[in-house]
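> Before we start, here is the structure in question, set down as structure tokens.
The values are calculated or read from the model by the stated rules, or taken from the named source; none is laboratory data. These figures come from a predicted structure and were not determined experimentally. We place every Cβ from the backbone using ideal geometry, glycine too, and count neighbours over all the protein chains shown. Heavy atoms of the whole protein, side chains included, go into the accessibility calculation; ligands, DNA and RNA do not. Shrake-Rupley method; radii C 1.70, N 1.55, O 1.52, S 1.80 Å.
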Amino acid sequence: MSQQTRIDQFFKSIRGNKIPNVEMEAKKMKTCVLLPQYTRESDTMQECEITYEKALQSTCDPQLIEDHEIVQCNNKPVLLSFKRNYSNGIMQNVLDIKCSTLYQPSEDVTMIEIKIKASNDNEVPPKKIRKVSDISGTNENNVSLANNNNPPTPGQSRSPFKTASSRSPRTTVGKGQFVESKDDDIVIQAIKNMNLARQGVIPLHNFNLIKIYSTNTFNYQYSSVDGETFMKYNVKDINLSRDLNSKILLTTIFRVFSNHINCGYFDENDLDFIYSIITLPASAQMLLVRLIKRNRTWLRGSKIKYPEIEVDDLKDTFKILVSRSICTFDIESEDITTVFGMLHVPEINDICKKLNISHKGNKTCNMQKLLQLFETKPLFPGMKKPNSSVRKYVFKKLGYCVRITRKTWDIIDRVITLLMPNEDPKSTTSDIFFKLQNIYSGNVIFPNNPGYHFPIFSNKLHLMSYIKLKSILFNVLQLIEKKNWVQVRNYGKIAIQSLSESTVNSSSLKHSALPAYIKRYIPVHVWLKILSKCIDGYKKGGNRNDVVEVLKMLLKQDCYMCENRGKWYTELAQIEMYYNKNMIKTASIITKALNTETLTQVDKVTLIERMNKILEKKTKLKAVQRVSIYETLKNHINEISKYKIPISTVTGLSMPVFRGAAGYKTTWCIEKNAENVSYGSVENVACHYYKQQGFPNGLHCEGALPITLFFTLFWEELYDVHVPGSFVTPYQEAPCDLFTPQFRANRQIEIDRKLDIIGRLDSESLATWMEQKFIAIKHYQTPMSGNFQNNLRLKEIVYCLGIEAVMGICTRLLDNYRLWKSGFPDLIVWNYLTKKCKIVEVKGPRDVLSIKQRLWLEYLVELGLSVEICLVQGKYVYFVFAWR
């Protein structure tokens, strides 16, 4: 059967045998990848199973509808994407159609482009629903999630248990993500799951993470009961506000509880409390969500004003929140120092006057006077205490105050963490709400991932411990930013007390079998991360012995944060070398470090260069010690630089800025002639120079180039391969294991197949394929930068680099993405006509080449690329100001 016949039969099977005025013409095999045919001559349409899903529908008129159809030929899914233009419900024409394989277990992939032209068609094809067995939560069979690339296959035997598939619904992240109605499937499923958990059908979790990840299998079952009989939570009681912030909160709650597994981290009281939140009146919801986005402190009622909440008095709305224990008015139980801090200076001065206390001085001084009076004991038994008078005036000035209760914060934190457990610890609650707003509004679209979410928290206690420690880490990062080193050291001491030797050893022994990207959620790992962040605080304290003890404690364990061991060894060697002046001990530390398996190439080169400095110093070393150092260097001679990178010096006119200016970056005069004068950065100067050298095109890209090449080339391997625990949320830029050494091993078969496929192409075919691929994926939220919005640039760069260079650059990121995603040279210049390019590291007058940058340059030389260091030097322009 010919390819054209198969295509014709395929469309007839979708729209029937009669296709009025449809004119189909297949392009020549203008494929992005010229590979063996996907289908065989023996394939028939009877072997294909068609499922249809409408993925995106815009709200503009005329409407552009993009549909996706999944065709399974011999159990091999193929994705068909086509666009149609509608106006007033009438189809005007059919636009481009693309057919591509989703997953190919044993054969190569064929990608075909087809164009269809059609006249007016008055009917929109009806939506075909997925089979019931494909919908999460409705499958009555046992489902096992194993570490393979094929979706799990339901078993044949019936079971008295109802299975909660750990695969969360694979929703299309885009428009329509907000919960708009009580009849939404996500609301109904969430309430159903909450009822099942309230009845104990979904019990509190106590997962054995070691067993789950050692076997790469996760089975989760719960008993099947009649939910209507024991229903406590009713969808009809939910209040859905039209307020945007309220929508964000409720949508987040419903999304979390629509997944059966998340319900097992909440007990009956928690579920009742959540139900009291989602059934709040609209005004109370609006007020609550605005309080959540503020700081977690007491707030004065007189200072809270939200005109958009249309109520006569916000205090009445606060009373609703207080009646459900969501907020509290009980500020009198708060520490008096915190209460004093809420008063303004005029209010403190007025209180001091009424209590006959001198109010001269600043706020802190007057607060201390009031505090002393507050703590004064009465002269005689039965005499009125001075603190009663102080409290009377203070609380009268404050008026009513309100704060969200700890119980509410505990619930909100758990919900947000279950939705996005890998969120940056620096993010505030307000930051998270802003991110969710962009997600639910469709402004940010994340790539679809396999959707098989393995548990990362064993039980409720584990989840709450992680949240608490993440909060401490957030505080430490804030203190470091403010350079409050005293408080940083205090947190370091708390971490040391919590990380006793027995605790670390027992945790290491217990969790050693877990993948590195799952260990990050273990409490001991978070404590170690907090302690590691506190090292700078100990340095500022001046006592280097404390720094040494902290570093030794971190290095004593080898289960967590192994990627930082090189950094810790370097710090320890530096202290011994420059502060303790002990060269023998420094050499011993470096020798021990170089024998560590987890050290990166950058760590090794850094330590080797420090070892060479020991030999250069005029230090009396014994002959045995010198021999030992030389022997160590000899064993690692392959890490020493082999290439001398050429340097080009460019002269320019520098326009210095004031040292107080933000960023303090020098501006350079790029071109000056009779017509105009242009200014720019040091990279612009280099671009202009290489343009004169025969490279008309240039791009300042740094790490954006290798990352863009990597994600474009290995998109399917990144997002379509199921690796247990690598995706923990639908809103994830990249798989978690990407930042660990296990990434390549987890996808070795698929990666080798892709490299073999790419290796058969020529530069032009690869450039065309990567351009088309980049156009299809560039709208997703990924680590790719926006430097390549002009996809033609990417095509030309790939063409000039060649296949070996592109594969070599991407292979480096495959081996260690965490390390090599940065350090790439600043500039790439190319000439598309001559197929030549040059990769350039640009340095200003006082810039220094880092070890990572040097290693990148040497690696690019090994790939056969033209590499250069461009040193921009020049004269400075000085300004003379005349003051009148």
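> Here are some conditions: (1) closer than 21 Å to CYS810 by Cβ; (2) without any contact (Cβ under 8 Å) to a residue 40 or more places away in the chain. TYR679 meets all but one. Which one does it not meet?
So the condition that TYR679 fails would be (1).
> Of all residues in the range 304-332, which are more than 22 Å from THR364 (Cα to Cα) and part of a helix (DSSP H, G or I)?
Scanning the range 304-332 gives LEU314, LYS315, ASP316, THR317, PHE318, LYS319, ILE320, LEU321, VAL322, SER323.
> Is it the case that LYS585 is basic (Lys, Arg) and at negative phi?
Judged against the criteria, LYS585 is a match.
> Exactly one of (1) out of contact with any Cys (no Cβ under 6 Å at 6 or more places or on another chain); (2) open to solvent by 20 Å² or more (accessible area, probe 1.4 Å); (3) in a loop (DSSP other than H, G, I, E, B) is unmet by PHE434. Its number?
(3)
> Can you tell me which residue in the range 257-287 is nearest to GLY451 (Cα to Cα), limited to those that are among the polar types (S, T, N, Q) and assigned to a helix (DSSP H, G or I)? If you could, list the steps in order and put the result at the bottom.
Quick first cut of the range 257-287, residues among the polar types (S, T, N, Q) only: 258-259, 262, 269, 276, 279, 283, 285.
Filter once more, so that each one left must be assigned to a helix (DSSP H, G or I): 262, 269, 276, 283, 285.
Working: ASN262: 14, ASN269: 30, SER276: 30, SER283: 36, GLN285: 31 Å.
Ranking the candidates gives ASN262 first.
> How many residues does the range 314-340 hold that are of a type outside the set (Ser, Thr, Tyr) and at pLDDT below 90?
Of the range 314-340, the ones of a type outside the set (Ser, Thr, Tyr) are 314-316, 318-322, 324, 326-327, 329-332, 334-336, 339-340.
From what is left, the residues that are at pLDDT below 90 are 332, 334-336, 339-340.
Qualifying residue count, the range 314-340: 6.
> While we're here: Does SER458 satisfy being surrounded by 15 or more Cβ atoms within 10 Å (Cβ to Cβ), of a type in the set (Gly, Ala, Ser) and farther than 30 Å from PRO730 by Cβ?
Taking the combined requirement at face value, the residue does not satisfy it.
> I would also like to ask the following. Return the total of residues in the range 509-524 being assigned to a helix (DSSP H, G or I) and either out of contact with any helix residue (DSSP H, G or I) (no Cβ under 9 Å at 6 or more places or on another chain) or open to solvent by 20 Å² or more (accessible area, probe 1.4 Å) (or both).
The qualifying residues number 6.
> Another question about this same structure. Just to be sure, is SER427 open to solvent by 20 Å² or more (accessible area, probe 1.4 Å), closer than 30 Å to LYS468 by Cα and either assigned to a loop (DSSP other than H, G, I, E, B) or out of contact with any His (no Cβ under 6 Å at 6 or more places or on another chain) (or both)? Reasoning before the result, please.
Details: open to solvent by 20 Å² or more (accessible area, probe 1.4 Å): yes; closer than 30 Å to LYS468 by Cα: yes; either assigned to a loop (DSSP other than H, G, I, E, B) or out of contact with any His (no Cβ under 6 Å at 6 or more places or on another chain) (or both): yes.
It is true that SER427 is open to solvent by 20 Å² or more (accessible area, probe 1.4 Å), closer than 30 Å to LYS468 by Cα and either assigned to a loop (DSSP other than H, G, I, E, B) or out of contact with any His (no Cβ under 6 Å at 6 or more places or on another chain) (or both).
> Cβ-Cβ below 8 Å, separation at least six or inter-chain, first residue in the range 509-521 and closer than 13 Å to GLN557 by Cβ, second part of a loop (DSSP other than H, G, I, E, B) and of a type outside the set (D, E, K, R): which pairs?
HIS511/ILE522; HIS511/CYS559; SER512/CYS559; LYS519/CYS559; LYS519/TYR560
> How many residues are modelled with pLDDT of 90 or more, of a type in the set (S, T, N, Q) and under 30 Å from the mean Cα position of the chain (by Cα) if we restrict to the range 230-249?
The qualifying residues number 2.
> Name the pairs: first residue in the range 441-455 and over 22 Å from TYR220 (Cβ atoms) and part of a helix (DSSP H, G or I), second residue open to solvent by 20 Å² or more (accessible area, probe 1.4 Å) and among the aromatic types (Phe, Trp, Tyr), Cβ to Cβ under 8 Å, at least 6 apart or on different chains?
Matching pairs, first to second residue: SER441/PHE178.
> Could you please tell me which pairs satisfy a Cβ distance under 6 Å, a separation of 6+ or placement on different chains, a first residue in the range 702-720 that is within 22 Å of LYS838 (Cα to Cα), and a second residue that is in a helix (DSSP H, G or I) and open to solvent by 10 Å² or more (accessible area, probe 1.4 Å)?
The qualifying pairs are ALA704/ASN787; THR712/LYS773.
> Kindly indicate which of SER471, SER506, SER465 is open to solvent by less than 50 Å² (accessible area, probe 1.4 Å) and hydroxyl-bearing (Ser, Thr, Tyr). Steps first, please.
Working: SER471 fails: open to solvent by less than 50 Å² (accessible area, probe 1.4 Å); SER506 fails: open to solvent by less than 50 Å² (accessible area, probe 1.4 Å).
After ruling out the rest, the residue left standing is SER465.
> Find all pairs meeting these conditions: Cβ atoms under 9 angstrom apart; at least six residues apart or on different chains; first residue within the range 766-779 and at pLDDT below 95 and open to solvent by 60 Å² or more (accessible area, probe 1.4 Å); second residue not hydrophobic (A, V, I, L, M, F, W, C) and not in a helix (DSSP H, G or I).
Pairs that qualify, where the first residue is at pLDDT below 95 and open to solvent by 60 Å² or more (accessible area, probe 1.4 Å) and the partner is not hydrophobic (A, V, I, L, M, F, W, C) and not in a helix (DSSP H, G or I), are LYS778/GLN789.
> Out of the range 837-857, which residues are surrounded by 17 or more Cβ atoms within 10 Å (Cβ to Cβ), over 16 Å from VAL650 (Cβ atoms) and either aromatic (Phe, Trp, Tyr) or more than 30 Å from the chain's Cα centre (by Cα) (or both)?
CYS837, TRP856
> In the range 193-212, which residues are free of Cβ contacts under 8 Å to residues at least 60 places away in the same chain and surrounded by fewer than 20 Cβ atoms within 10 Å (Cβ to Cβ)?
Of everything in the range 193-212, those that are free of Cβ contacts under 8 Å to residues at least 60 places away in the same chain and surrounded by fewer than 20 Cβ atoms within 10 Å (Cβ to Cβ) turn out to be GLN199, GLY200, VAL201, LYS211.
> Follow-up. Can you find, within the range 858-884, the residue that is modelled with the lowest pLDDT among those that are open to solvent by 50 Å² or more (accessible area, probe 1.4 Å) and assigned to a strand (DSSP E or B)?
If we take residues in the range 858-884 being open to solvent by 50 Å² or more (accessible area, probe 1.4 Å) and assigned to a strand (DSSP E or B), then TYR876 is modelled with the lowest pLDDT.
> Out of the range 716-733, which residues are open to solvent by 10 Å² or more (accessible area, probe 1.4 Å) and within 18 Å of ARG812 (Cβ to Cβ)?
Once the filter is applied, which keeps residues that are open to solvent by 10 Å² or more (accessible area, probe 1.4 Å) and within 18 Å of ARG812 (Cβ to Cβ), the range 716-733 yields only GLU717.
> Still on this structure, I have one more. Please determine whether any residue of the range 282-293 is within 40 Å of the chain's Cα centre (by Cα), under 15 Å from CYS401 (Cα atoms) and surrounded by fewer than 19 Cβ atoms within 10 Å (Cβ to Cβ).
Scanning the range 282-293 turns up no residue that is within 40 Å of the chain's Cα centre (by Cα), under 15 Å from CYS401 (Cα atoms) and surrounded by fewer than 19 Cβ atoms within 10 Å (Cβ to Cβ).
> Can you name the condition, by its number, that PHE658 falls short on among (1) open to solvent by 80 Å² or more (accessible area, probe 1.4 Å); (2) modelled with pLDDT of 75 or more?
(2)
> Scan the range 230-248 and give yes if some residue there is touching a residue at least 60 places away in the same chain (Cβ under 8 Å), buried (at least 21 other Cβ atoms within 10 Å of the Cβ) and of a type outside the set (D, E, K, R), otherwise no.
yes
> Among the numbered criteria (1) among the hydrophobic types (A, V, I, L, M, F, W, C); (2) in contact with a strand residue (DSSP E or B) (Cβ under 8 Å, 6 or more places away or on another chain); (3) at pLDDT 75 or above, which single criterion is violated by VAL677?
Of the numbered conditions (1) among the hydrophobic types (A, V, I, L, M, F, W, C); (2) in contact with a strand residue (DSSP E or B) (Cβ under 8 Å, 6 or more places away or on another chain); (3) at pLDDT 75 or above, the odd one out for VAL677 is (3).
> Please state which one of LYS592, LYS567, LYS540, LYS493 is within 30 Å of PRO724 (Cβ to Cβ), open to solvent by 50 Å² or more (accessible area, probe 1.4 Å) and part of a helix (DSSP H, G or I).
LYS567
> Picking from LEU321, LEU373, which residue would you name as being more than 19 Å from PRO386 (Cβ to Cβ) and either surrounded by 12 or more Cβ atoms within 10 Å (Cβ to Cβ) or within 39 Å of the chain's Cα centre (by Cα) (or both)? It would help to see each step written out before you state the result.
Values: LEU373 fails: more than 19 Å from PRO386 (Cβ to Cβ).
Exactly one of LEU321, LEU373 is more than 19 Å from PRO386 (Cβ to Cβ) and either surrounded by 12 or more Cβ atoms within 10 Å (Cβ to Cβ) or within 39 Å of the chain's Cα centre (by Cα) (or both), namely LEU321.
> A further question on this structure: Does at least one position in the range 379-391 carry a residue that is in contact with a Lys or Arg (Cβ under 8 Å, 6 or more places away or on another chain) and open to solvent by less than 70 Å² (accessible area, probe 1.4 Å)?
Checked against the condition, which is being in contact with a Lys or Arg (Cβ under 8 Å, 6 or more places away or on another chain) and open to solvent by less than 70 Å² (accessible area, probe 1.4 Å), the range 379-391 yields no hits at all.
> A follow-up question, please. Would you be able to say whether some residue in the range 701-713 is within 25 Å of LEU418 (Cα to Cα), open to solvent by 10 Å² or more (accessible area, probe 1.4 Å) and assigned to a loop (DSSP other than H, G, I, E, B)?
no
> Still on this structure, please answer the following. Is at least one residue of the range 626-636 open to solvent by less than 80 Å² (accessible area, probe 1.4 Å), under 25 Å from SER498 (Cα atoms) and either touching a residue at least 24 places away in the same chain (Cβ under 8 Å) or hydroxyl-bearing (Ser, Thr, Tyr) (or both)?
Pass one, the range 626-636, residues open to solvent by less than 80 Å² (accessible area, probe 1.4 Å): 626, 628-629, 632-633, 636.
Add one more test, that the residue is under 25 Å from SER498 (Cα atoms), and what stays is none.
No, there is no match, as no residue in the range 626-636 is open to solvent by less than 80 Å² (accessible area, probe 1.4 Å), under 25 Å from SER498 (Cα atoms) and either touching a residue at least 24 places away in the same chain (Cβ under 8 Å) or hydroxyl-bearing (Ser, Thr, Tyr) (or both).
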